[in-house]
Amino acid sequence: MLYDNLVKYYLRLESTTKRLEMTDILTDLFKEATADEVDKIVYLTQGKIHPDWKGEPEIGMAEKMVVETLTKVTGLKKAKVEQLVSQLGDIGLTAEETLKGKTQGSFFQRNLTVTDIYSGLDRIARREGQGSSKQKMDDLGSLLADSSPLGARYLARMVVGKLRLGIGDMTILDALSQAHTGSKEKRGVLERAYNLSSDLGLVARTLEEEGLDAIEDFHVRVGSPIRVMAAQRLSTAEDIIEKLEGQCSAEYKLDGERFQIHKDGDRVNIFSRRLENITYMYPDAVQLTRTQVTAEDAIIEGEAVAYDPDTGEDRPFQTLMQRRRKYGIEEMMEKIPVRVYLFDCLYADGRDLTLEPYPERINALESITEQKDDYRLVERLATSDPAELDRFFQQSIADGTEGLVVKSTGKDSIYRAGARSWLWVKLKRSYQSKMQDHVDLVVVGALHGRGRRAGSYGALLVAAYDPESDVYNTVCKVGSGFTDENLEQTLVMLEPHRLSHRHARVKSLMTAEVWFEPVVVMEVLGDEITLSPLHTAAFDEIREGSGLAIRFPRFTRWREDKSAEEATTVREIADMYSSQLKTLS
């Protein structure tokens, strides 16, 4: 496929904010793609070259490098290009405009293919060391010289990480299903393959090369992170026992970093819940896995919890995050050691356990783990008695945890990768009255600060995630709880995701002064959930003309360990509202 053909699809995608139209456009695109390029098209459409978890180099070009490149390619003066960037507010539109009237010509201009662009971007990303900036600009200049003006628009955006087509993973899966089967009915099959591989490009290529049968027979692969299973929430032990039909095992919910460990012989990789490769953070956990896990190949889930080396007491999540650094890890490992608590086994010595019930997975985990004080299974209790569950809950609080995760032990208690399932239910201390539990919400917009907050943001518009429609629905504005340091972080964290318009996957009745891509997640604590005509979460579901909003919301911390798709869902907000009504009645 010619690159110019691909960007025509991008132009169509950019011109609509309707998800169904986006799906149809992508369906047309995937019908035209060949097996050897469909994965590349998927990655480029996501604005990347490889799945994030592979840890491959990113393109890493600053906007000023693109400006320099455009001056060389077009023959325009640098001041003119910079003026256009300022006027248009978009490096992509600037590239398009400059190439329309470039004064430098090429005698050997070629018709770039998608593979040419992909390979060129990959080459740019891999440039490193002394002189790499000039090499990157030379490589980009070669691509721009052969690009059409429209192609330059999207190429420039790609290299600075601002493609922003508004395409979600589920939209791509819908389109792949439509392209190959004529309907969205097989989306679930494709989604499972994606959940097991965390690689949309691989799913697309497998479907194109081997057909739907290969997708239906998709298996776990050591080294490819599995998208994590998440829990629902209920407010009482009685409700949980009833929901799980008395077949339960409760585990301590710890205040650490959840991660997934992949062991392939002596090679160990650790992935965060966001599927980032964080092996470098935990050399101690890597060594413990080598010595304490007897299986040759395994995928296990657990949580790293920091502890005080002097007292032995567990320390909070924020302390653990100090290990998120590239340098000085050995020193930080001594200062902030960790214990690893294991709670699931998804694969062991050639056996895919994701479709096995929870008790089978725990048995497998116990059989391949030689436990010791700093590497062991999490505290748990099998029970069908609400009173016993409540006592265990109180014990967990006394031991300094956040509460419990209660898991079904029934025959259907499989590992639902990538799903928030009623097979797992959270019970936390803060659920016991009104809405005093924290929720994780996605920043989608902002209002400018006034007075003391001039130059910063006065309030952030935040949203819950609706996985069914793959959109974000607003639920409140957050303006309190921020320290001066938090406000400074806000400007830095949000600037790369700033938009001139509302994102296509954001549903909002409110108008923000600044819009953002739905990427950054914050933890919020509120007083209660109320009906609101201004917010779109669960709109028209409980009362016509009203959605749900959080009253008196307060910022508590950033959730850099969570992706936007792992934020609190609209359904959870609605369930919390219903539970709140029961408490008040």
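Values quoted throughout were computed directly from the atomic coordinates according to the rules given, and no laboratory measurement underlies them. Everything numeric in this text was worked out from a predicted model, so none of it was measured. Every residue, glycine as well, gets a Cβ built from its backbone with ideal geometry; the counts of neighbours run over all protein chains shown.
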Roughly how big is region 438-584's charge dipole about its Cα centre, with Cβ charges of +1 (Lys, Arg) and -1 (Asp, Glu), in debye to the nearest 20? 540 debye
How far, in nm, would the chain grow between residue 395 and residue 214 when pulled straight, counting 0.36 nm per residue and subtracting the alpha carbon separation? 60.4 nm
To the nearest 20 debye, what charge dipole does the chain have about its Cα centre, counting +1 at the Cβ of each Lys and Arg and -1 at the Cβ of each Asp and Glu? 2320 debye
Restricting to Cα pairs under 8 Å and 6 or more apart, the percent relative contact order of region 351-469 works out to 21 percent
Below 8 Å between Cα atoms, with a sequence gap of 6+, how large is the relative contact order for the chain in percent? 12 percent
Stretched fully, the stretch from residue 480 through residue 376 gains (0.36 nm per residue minus C-alpha distance, one decimal, in nm) 33.5 nm
FRET efficiency for residue 21 and residue 452 from the Cβ-Cβ distance with R0 = 60 Å, rounded to 0.05, comes out at 0.85
Of the listed values (i) 80, 57, 54; (ii) 65, 64, 56; (iii) 79, 62, 55, identify the label whose number matches Cα extents along the principal axes in Å calculated from this model. (i)
Extension length gain for residue 123 and residue 243 (0.36 nm per residue less Cα distance), in nm, is 37.9 nm
R0 = 30 Å: FRET efficiency of residue 28 with residue 63, Cβ-based, nearest 0.05? 0.40
What relative contact order, as a whole-number percentage, does region 438-584 give when Cα pairs under 8 Å and 6 or more residues apart are counted? 28 percent
Over the Cα atoms of region 1-155, what is the Rg over Rh ratio if Rh follows Kirkwood? 0.97
Å³ per residue enclosed by the Cα convex hull of region 438-584: 107 Å³
Per-residue ellipticity at 222 nm for the chain, helices alone: DSSP H runs ≥ 4 residues times -39500 (n - 2.57), over residue total, nearest 500 deg cm²/dmol? -11500 deg cm²/dmol
Region 119-180 - Rg and Dmax from Cα coordinates, angstrom: 15.2, 47
Choose one of 439, 236, 270: the residue whose Cα lies farthest towards the positive end of the charge dipole of the chain (beta-carbon charges +1 Lys, Arg; -1 Asp, Glu; about the Cα centre). 439
Hey, if you drop one equal point scatterer on each alpha-carbon of region 401-525 and run the Debye formula without solvent, what base-10 log of I(q)/I(0) do you get at q = 0.13, 0.14, 0.21, 0.22 Å⁻¹? -0.66, -0.74, -1.20, -1.25
Pseudo-spin-label distance residue 422 to residue 322, built 7 Å along Cα→Cβ, given in nm, is 4.4 nm
Compactness check, region 230-432: C-alpha Rg relative to the 2.2 N^0.38 Å globular estimate gives 1.01
